[in-house]
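The structure appears below as structure tokens.
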Amino acid sequence: MNKTTYAPFARPLYVMLKPAGAACNLRCKYCYYLEKRNLYREEKHFSMSDELLERFIEQYLNAQTMPEVLFTWHGGEPLLRNIDFYRKALQLQKKYAQGRKIDNSIQTNGTLLNDEWCRFFSDNNFLVGISVDGNQPLHDRYRLMHGGKPSFHQVMKGIALLKKHRVEFNVMGVVNDHNVNFPLEFYHFFKQIEAHFIQFAPIVETIDGAPAPWNVPASRWGDFLITIFNEWVRHDVGTYFIQYFDATLANWMHVQPGVCILARTCGHAGVMEFNGDVYSCDHYVFPEYKLGNIHTKTLPEMMYSERQLRFGAAKYDALPSQCLECEYLFACHGECPKNRILSTATGEPGLNYLCEGYYKFFRHVAPYMDFMKKELLAQRPPANVMLLP
């Protein structure tokens, strides 16, 4: 196999913003990001300054080569910054836009949403991502407020307000050791709240080098995806959009999947912390993956650096032989490198923790993906798959 090569500047520059760092009003037991506060123990405030905000927006927009630019606000919980911070951001975007169309998306746990926030999002065409792990029993298993109080009803109030103000939203459900056993309850709940764009994020974390107890069992992850797919492919193609299914079809078509974990390479999406530190990826906010700070280096310097390009290429280049010989390599590409915590049967490191589940899923959906691919190539809607007997 040839090593992966990159042409610098051949891809758009994308950096996600953490305006409140890892600060959050929830204490989800499985959260991988709360520990990032330990990186900045000496900091008194986990808040991005106006000066840093302007520096980022100016550099970010000046580095773009495309007419449309996406800003993504993430956390922790980004709504811990007040609305005035985001009003300032919109003013700066206009100041440096130079005719480009700007879109904004924000990922929130939904508990701080109120009428004022939702009017703001509606007036400024924000796409809002809501984290919700299914119906109340499933969600409240792990997504708890400070002191252990459940958060489900607060999240549902937030979703109701988004609908009231006609804010476009999607949902992201974290799949853990418990709710993985209830795939249809999960999916039906999302349909019930009229969430037409759905993302699933399987939990894979380690504690002292061992898999965390709330991790998704690999085989059950495959069953989870298959059960939802079986309903979606019969009733919901073209109406409900599930990121994993869309990305799988894209890989079947040999086009970019739109989600980094199933792409051949990564390193396309960096993250900037509240103090200007830039890291290779949201899941790699560790000292060894720090690319620099925007006060001393420019965003293009960091994101197109040889170091970052090697980080991205390693996603494919570091795959074990078992992956390189797999019939579904084109669909998976080894998934996210952070999940490669196992060794193969021959002792080769780098096997993805979820490999068994993904293989089961791809084998099941292959005939349907083949059909939808043929429909697309014939310029017919892939939703025709629902007509199959």
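The values are calculated or read from the model by the stated rules, or taken from the named source; none is laboratory data. No experiment lies behind these values; they were computed from the predicted model shown. Because the Cβ atoms are built from the backbone with ideal geometry, glycine has one as well, and the counts that use them run over all protein chains shown. Just so you know, the surface numbers come from the protein's heavy atoms only, side chains and all, with ligands and any DNA or RNA stripped out. Shrake-Rupley method; radii C 1.70, N 1.55, O 1.52, S 1.80 Å.
Only residues that are within 24 Å of the chain's Cα centre (by Cα), under 18 Å from E273 (Cβ atoms) and of a type in the set (A, V, I, L, M, F, W, C) were counted across region 50-90, and they come to 9.
Take the conditions (1) open to solvent by less than 30 Å² (accessible area, probe 1.4 Å); (2) out of contact with any strand residue (DSSP E or B) (no Cβ under 8 Å at 6 or more places or on another chain); L184 misses just one of them, which is (1). If you go through region 140-168 and keep only what is under 12 Å from G110 (Cα atoms) and of a type in the set (D, E, K, R), you end up with R143, K157. Can you tell me which residues in region 321-374 are at positive phi and touching a Phe, Trp or Tyr at 6+ places or on another chain (Cβ under 8 Å)? Within region 321-374, H333, G334, E335 qualify. Here M66 fulfils each of the conditions (1) surrounded by 18 or more Cβ atoms within 10 Å (Cβ to Cβ); (2) out of contact with any Asp or Glu (no Cβ under 9 Å at 6 or more places or on another chain); (3) touching a residue at least 40 places away in the same chain (Cβ under 8 Å) apart from (1). Please find, within region 70-111, the residue that is surrounded by the fewest Cβ atoms within 10 Å (Cβ to Cβ) out of those that are touching a strand residue (DSSP E or B) at 6+ places or on another chain (Cβ under 7 Å) and among the hydrophobic types (A, V, I, L, M, F, W, C). Per the criteria, the residue is L70. Counting residues in region 372-387 that are out of contact with any Ser or Thr (no Cβ under 6 Å at 6 or more places or on another chain), surrounded by 15 or more Cβ atoms within 10 Å (Cβ to Cβ) and either assigned to a loop (DSSP other than H, G, I, E, B) or among the polar types (S, T, N, Q) (or both) gives one or more.
Does K163 meet the test of being outside any loop (DSSP other than H, G, I, E, B), open to solvent by less than 60 Å² (accessible area, probe 1.4 Å) and modelled with pLDDT of 95 or more? Answer is no for this residue.
Within region 135-151, residues that are closer than 16 Å to Y30 by Cβ reach partners that are among the aromatic types (F, W, Y) with beta carbons closer than 6 Å, at six or more positions or on different chains, in the pairs H139/F152; D140/F152; Y142/Y30. The set of residues in region 343-358 being within 24 Å of the chain's Cα centre (by Cα), over 17 Å from D317 (Cα atoms) and surrounded by fewer than 19 Cβ atoms within 10 Å (Cβ to Cβ) consists of E356 alone.
Of all residues in region 229-254, count the ones that are open to solvent by 30 Å² or more (accessible area, probe 1.4 Å), over 17 Å from F190 (Cβ atoms) and β-branched (V, I, T).
Of all residues in region 229-254, those open to solvent by 30 Å² or more (accessible area, probe 1.4 Å) come to 230-231, 234-235, 238-239, 241, 243, 246, 253-254.
Keeping just the survivors that are over 17 Å from F190 (Cβ atoms) gives 253-254.
If we keep only those that are β-branched (V, I, T) too, we end up with none.
Result for region 229-254: 0.
To keep it simple, each residue is scored yes or no on (1) more than 22 Å from Y30 (Cα to Cα); (2) of a type in the set (D, E, K, R); (3) touching a helix residue (DSSP H, G or I) at 6+ places or on another chain (Cβ under 8 Å); (4) assigned to a strand (DSSP E or B).
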residue: F200; (1), (2), (3), (4): no, no, yes, yes
residue: V216; (1), (2), (3), (4): no, no, yes, no
residue: W232; (1), (2), (3), (4): yes, no, yes, no
residue: G238; (1), (2), (3), (4): yes, no, yes, no
residue: F245; (1), (2), (3), (4): yes, no, yes, no
residue: T248; (1), (2), (3), (4): yes, no, yes, no
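Just one of the numbered conditions (1) farther than 18 Å from I193 by Cβ; (2) aliphatic (A, V, I, L, M); (3) touching a helix residue (DSSP H, G or I) at 6+ places or on another chain (Cβ under 6 Å) is not true of L161: (1). Scan region 132-150 residue by residue and report those that are open to solvent by 10 Å² or more (accessible area, probe 1.4 Å) and of a type outside the set (A, V, I, L, M). Result: N135, Q136, P137, D140, R141, Y142, R143, H146, G147, G148, K149, P150. Selection of first residues in region 10-34 that are farther than 22 Å from Y142 by Cα and of second residues that are modelled with pLDDT under 90 and not in a loop (DSSP other than H, G, I, E, B), restricted to Cβ pairs under 9 Å at least 6 apart or on distinct chains, gives the following pairs, ordered by first then second residue: K18/K36. Within region 166-176, the set of residues being open to solvent by 20 Å² or more (accessible area, probe 1.4 Å) and in contact with a strand residue (DSSP E or B) (Cβ under 6 Å, 6 or more places away or on another chain) comprises E168, F169, N170, M172.
Given the condition touching a His at 6+ places or on another chain (Cβ under 7 Å), aliphatic (A, V, I, L, M) and closer than 30 Å to G238 by Cβ, answer yes or no: does some residue in region 113-133 qualify? Checking region 113-133: at least one residue is touching a His at 6+ places or on another chain (Cβ under 7 Å), aliphatic (A, V, I, L, M) and closer than 30 Å to G238 by Cβ. Every listed requirement among (1) free of Cβ contacts under 8 Å to residues at least 60 places away in the same chain; (2) closer than 25 Å to N179 by Cβ is met by D103 save one, (2).
With respect to Y353, is the statement that it is among the aromatic types (F, W, Y) and in contact with a Pro (Cβ under 6 Å, 6 or more places away or on another chain) true? Against the criterion (among the aromatic types (F, W, Y) and in contact with a Pro (Cβ under 6 Å, 6 or more places away or on another chain)), Y353 does not qualify.
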